[in-house]
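The structure appears below as structure tokens.
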Amino acid sequence: MSKDRKSPTISPEMHERRRLMSRMTPEEKKVYKWECYNKKAKVQLLELIKYCQSSKRICPVPRLWNKIYHNYSWHTDRYEFTKYPPLKIPLILGAWNTSNIEKKQRFLAQIYWCYKNYFIGSIYSQIMKLTEDCWHIEYYPEDNIPLEVIKKEYSTWLGISYYPEYSIWNYCENHEEEYKQKREDEKLRNKKIRIAERLYDEQSLDLLDDESITSVGGML
């Protein structure tokens, strides 16, 4: 190793943090580490919860949602505790037919999992890099899920049971039938518009042909 090689520079803040932690018990270190992390992490968590529910966003499209999930799934298991708590899978493939509110809840709970396990910085960066075409967008997603409900969903992943049994429908209405009817009405309206435009084009051509014949006849 070269003698000229310099050791990494430690910031005064990090030096002071190490000095304080050297005098702490293991439990005190754990609490102090969380407090330092949470100063910025809580802000990023709240920003993500708001951002991921704005502009009719539900969740990332399946391919990208699965990619984000696999960045963290190797740390743990779907159902069992390892070093980290269980992390539930995305509602894609056969589970894509679940309601939008359930897909939104699952994605937000995954974000909360990242927050609780010191990964909020990385998932924040990934989500903020997604362009609009990377999101599953739906009509009328007016049911914004608050942090308290996200926490409750996450706690069920940890094996905590509630009585009466916890359900997202206790907090958000099921608008799926309403959405379906809105989509059908819009499809019917667009169909009528296309028919009207086609008839207009056909009649305009007939009128143009009649005017052309009249004009030619007048010139002769």
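Can you give me the number of residues within region 120-135 that are over 11 Å from residue 45 (Cβ atoms), surrounded by 19 or more Cβ atoms within 10 Å (Cβ to Cβ) and touching a helix residue (DSSP H, G or I) at 6+ places or on another chain (Cβ under 8 Å)?
Kept after step one, since they are over 11 Å from residue 45 (Cβ atoms), are these residues of region 120-135: 122, 125-135.
Keeping just the survivors that are surrounded by 19 or more Cβ atoms within 10 Å (Cβ to Cβ) gives 127, 135.
From what's left, touching a helix residue (DSSP H, G or I) at 6+ places or on another chain (Cβ under 8 Å): 127.
Matching residues across region 120-135 total 1.
Does region 182-196 include one or more residues that are closer than 30 Å to residue 67 by Cβ, at pLDDT below 90 and surrounded by 10 or more Cβ atoms within 10 Å (Cβ to Cβ)? Give the steps one after another, and end with the answer.
Going residue by residue through region 182-196, those that are closer than 30 Å to residue 67 by Cβ are 183.
Add one more test, that the residue is at pLDDT below 90, and what stays is 183.
Okay, now just the ones that are also surrounded by 10 or more Cβ atoms within 10 Å (Cβ to Cβ), so 183.
Yes, there is a match, as at least one residue in region 182-196 is closer than 30 Å to residue 67 by Cβ, at pLDDT below 90 and surrounded by 10 or more Cβ atoms within 10 Å (Cβ to Cβ).
Here the condition is being in contact with a His (Cβ under 7 Å, 6 or more places away or on another chain) and either at pLDDT 95 or above or not in a helix (DSSP H, G or I) (or both); of 79, 118, 84, 112, it holds for 84 alone. Take the conditions (1) modelled with pLDDT of 95 or more; (2) in contact with a Lys or Arg (Cβ under 9 Å, 6 or more places away or on another chain); residue 137 misses just one of them, which is (1). Among residues of region 157-172 that are in contact (Cβ under 8 Å) with a residue 60 or more places away in the chain, those with a Cβ under 7 angstrom from a residue that is in a loop (DSSP other than H, G, I, E, B), sequence gap 6+ or separate chain, pair up as 157/85; 157/86; 157/88; 158/85; 172/143; 172/145.
The values are calculated or read from the model by the stated rules, or taken from the named source; none is laboratory data. Keep in mind it's a predicted model, so treat the numbers as computed, not measured. When we count neighbours, we look across all protein chains shown, and the Cβ atoms used for this are built from the backbone with ideal geometry, even at glycine.
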